[in-house]
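Taking it in order: structure first as structure tokens, then the write-up.
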Amino acid sequence: MTVNAPIRAGEVLGKVVDRSHIGALVGVLLDRGFTVAGPTKSDAAISYAEIDSIDDLPAGWTDHQEPGTYRLVRRDDDALFGYVGGQTSWKRFLYPPHSELLHIRRHDDGSLDFSEPAPENRRYAFIGVRGCELAAIAIQDTVFLDSGYVDRTYEAKRRDLFLVAVNCAVVGGTCFCASMGTGPECTDGFDVVLTEVIDRHRHEFVCRSGTVAGAEVLALLPGRIATEDDLATVAGIIETSAASMGRDLDTRGLPELLAERQDHPRWDEVATRCLACTNCTLACPTCFCSTTEDVAALDASGGTRSRRWDSCFTMDFSSLHGAPVRHSIKSRYRQWLTHKLSGWHEQFGTSGCVGCGRCITWCPVGIDITKEAAAIRREVGT
């Protein structure tokens, strides 16, 4: 995987770009051959999709998020990034819900040819990536690139990825990135980071580069050099956001606590509410469970093996020798939460949760991962 070179001393470029000129950013990226994706307003929600200009962004919209609740609300300004997080994550671009793995062709003599699909050659640029989402991409890098096996589909899409991050000026009712150390400030993993500043007298973006490629892009945008006052404004926005989190999660000793409490009665209680609908895993920016399926041509001339997203909440996911190992909703919810907050540490060296809150917002019955963990901690007396 090609990674944009980090900034060296003296190369960090701080620039303030007026709202009227920020659209040049998309133009520069398109001119450099990137397929640009960003937040859009679609089907009464914020979703990530390919965009052609800054006009595709959800100007003037915010989202209200609580457990099992999501709705768009009009702001009293034209903020481009005045929402919390999209209903989908960037995962679907780098690790698509469905991808072809193998093509099989049968010749007249009965011999078979096996070939991999040609890798996608599009270079992506993402605009509007939050701190928690940068952390999620870093986690999937570990899973798909740095765990002893390189996933070629992911590698092809991750290669040369250009990331325009956004420091959060708005937080939601289900956000808890501050607890997980992943936000609201974007600290690394980006090429360019923006902070949107709006008051009675201005609407502008304080921009900073994190890589040489990012500095090159910012150098092409009209604007002025950022001052100490601009940087102080950014620090104030981040501080306010960090203090406004809708949720928090006490992570002290949590992996060990969950690993030791596999028979805790709380698992039975949450199982009475959980629908095993898989929404939490599909909305999660780090979950990576998948299955494969084979489709043969009707004339037996060949076939295709594909990979599609799966979930540990489905009955068949743990099926061995014709029967599921985790046959109850209790066991499946326990598997998900303990893997995310406990087992992930042993496997990959970090938590599998970045505190984005999507699993809480998009759970139809509003199950809250932070409350479930807290209930186990509280009832244990720790």
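The values are calculated or read from the model by the stated rules, or taken from the named source; none is laboratory data. Note that the structure is predicted; figures quoted are calculated from it, not measured. Methodologically, a virtual Cβ is constructed for each residue, glycine included, from the backbone with ideal geometry; neighbour enumeration extends over all protein chains shown. Remember, those area values only see protein heavy atoms, side chains included, never the ligands or the DNA or RNA. Shrake-Rupley method; radii C 1.70, N 1.55, O 1.52, S 1.80 Å.
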Post the alpha-carbon centroid distance, segment 192-262 to segment 68-136, in whole angstrom. 24 Å
Any cysteines in the chain with zero other Cys Cβ atoms under 4.7 Å from their Cβ? List them, or say none. CYS168, CYS175, CYS186, CYS207, CYS274, CYS277, CYS289, CYS312, CYS353, CYS363
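Take every DSSP beta bridge with both residues inside the chain and express the antiparallel ones as a percent of the total, to the nearest 5. Walk me through the numbers on the way to the answer.
Numbers: 47 of 58 bridges.
In the chain, approximately 80 percent of DSSP beta bridges are antiparallel ones.
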Scalar couplings 3J(HN,Hα) for segment 349-359 by Karplus 6.51 cos²θ - 1.76 cosθ + 1.60 (θ = phi - 60°), nearest whole Hz, x for Gly and Pro, are x, 9, 5, x, 10, 10, x, 6, x, 4, 5
Rounded to the nearest 10 Å², the 1.4 Å probe accessible area of HIS339 is 40 Å²
Leading residue at positive end of dipole, segment 112-251 (Cβ point charges), from ILE237, ALA169, LEU221: LEU221
With a ≥ b ≥ c taken as the square roots of the eigenvalues of the C-alpha gyration tensor of segment 21-92, please select rounded if a/c is under 1.5 and otherwise prolate if a/b is larger than b/c or oblate if it is not? oblate
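How would you rank 280-292, 31-43, highest first, on the average number of other Cβ atoms within 10 Å across their residues?
Values: 280-292: 20.2, 31-43: 16.8.
Top to bottom by mean Cβ count within 10 Å: 280-292, 31-43.
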Report, in debye and to the nearest 20, how large the dipole of segment 128-242 comes out about its Cα centre when Lys and Arg carry +1 and Asp and Glu carry -1 on their Cβ. 260 debye
Charge dipole (the chain, unit charges on Cβ, about Cα centre) - positive-most of GLY68, GLY110, SER42: GLY68
Here, VAL325 and SER306, labelled 7 Å along Cα→Cβ, have an inter-label distance in nm of 2.8 nm
Which residue fluctuates the most in the chain, going by a Gaussian network model with Cα springs under 10 Å, if the choices are GLY110, GLY27, GLY214? GLY110
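Compute, for the chain, the length of the dipole vector about the Cα centre, with Cβ point charges of +1 (Lys, Arg) and -1 (Asp, Glu) only. Units Debye, rounded to 20.
Working: 40 positive and 52 negative charges, 133 e Å.
Magnitude of the dipole: close to 640 debye.
Ratio of segment 1-147's C-alpha Rg to 2.2 N^0.38 Å, to two decimals? It would help to have the intermediate numbers written out before the result.
Details: Rg = 19.8 Å, N = 147, 2.2 N^0.38 = 14.7 Å.
This ratio for segment 1-147 stands at 1.35.
In terms of the Cα gyration tensor, with a ≥ b ≥ c the square roots of its eigenvalues, is the chain rounded because a/c is under 1.5, prolate because a/b exceeds b/c, or oblate?
Working: a/c = 1.95, a/b = 1.20, b/c = 1.62.
The shape class here is oblate.
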How far apart, in nm, are the 7 Å Cα→Cβ label points at VAL295 and TYR149? 2.4 nm
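Do the sum for the chain: with -39,500 (n - 2.57) for every DSSP H run of n ≥ 4, divided by all residues, what is the mean residue ellipticity at 222 nm, to the nearest 500 deg cm²/dmol? Present the calculation step by step, with values, prior to reporting the outcome.
Values: 14 runs with 110 residues, N = 382.
Helices in the chain give a 222 nm mean residue ellipticity of -7500 deg cm²/dmol.
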R0 = 25 Å: FRET efficiency of SER244 with ALA375, Cβ-based, nearest 0.05? 0.55
Among HIS345, ILE369, SER318, whose Cα sits farthest toward the positive end of the charge dipole of segment 316-382 (+1 at Cβ of Lys/Arg, -1 at Cβ of Asp/Glu, about the Cα centre)? ILE369
May I ask you to list the residues of segment 292-332 whose amide nitrogen lies under 16 Å from a point 7 Å from Cα along the Cα→beta-carbon direction of ARG106? 294-305
For ASP268 paired with LEU231, estimate the spin-label separation in nm (one decimal), with each label point 7 Å from Cα along the Cα-to-Cβ line. 5.8 nm
Report, to the nearest whole %, how much of the accessible area of segment 84-178 belongs to carbon and sulfur atoms, 1.4 Å probe, protein only. 49 percent
With the 8 Å Cα cutoff and a minimum separation of six or more residues, the chain has a relative contact order in percent of 22 percent
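Which value, in Å², gives the accessible area per residue of the chain when a 1.4 Å probe is used on the protein heavy atoms?
Details: 17690 Å² over 382 residues.
With all protein chains present, the chain gives 46 Å² per residue.
What FRET efficiency would be calculated for the residue pair ARG74, GLU260, taking the C-beta separation as r and a Förster radius of 56 Å, to the nearest 0.05? It would help to have the intermediate numbers written out before the result.
Numbers: r = 48 Å, r/R0 = 0.85.
Once rounded, the FRET efficiency stands at 0.70.
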Taking only Cα atoms and a 10 Å spring cutoff, compute GNM fluctuations for the chain and point out the largest among GLY85, GLY68, GLY322. GLY322
If I build a Gaussian network model for the chain, linking alpha-carbon pairs within less than 10 angstrom, which residue out of GLY352, GLY181, GLY173 has the largest mean-square fluctuation? GLY181
Where in segment 98-135 does the label zone of GLU50 land, with the point 7 angstrom along Cα→C-beta and an amide N cut-off under 12 Å? 121-125
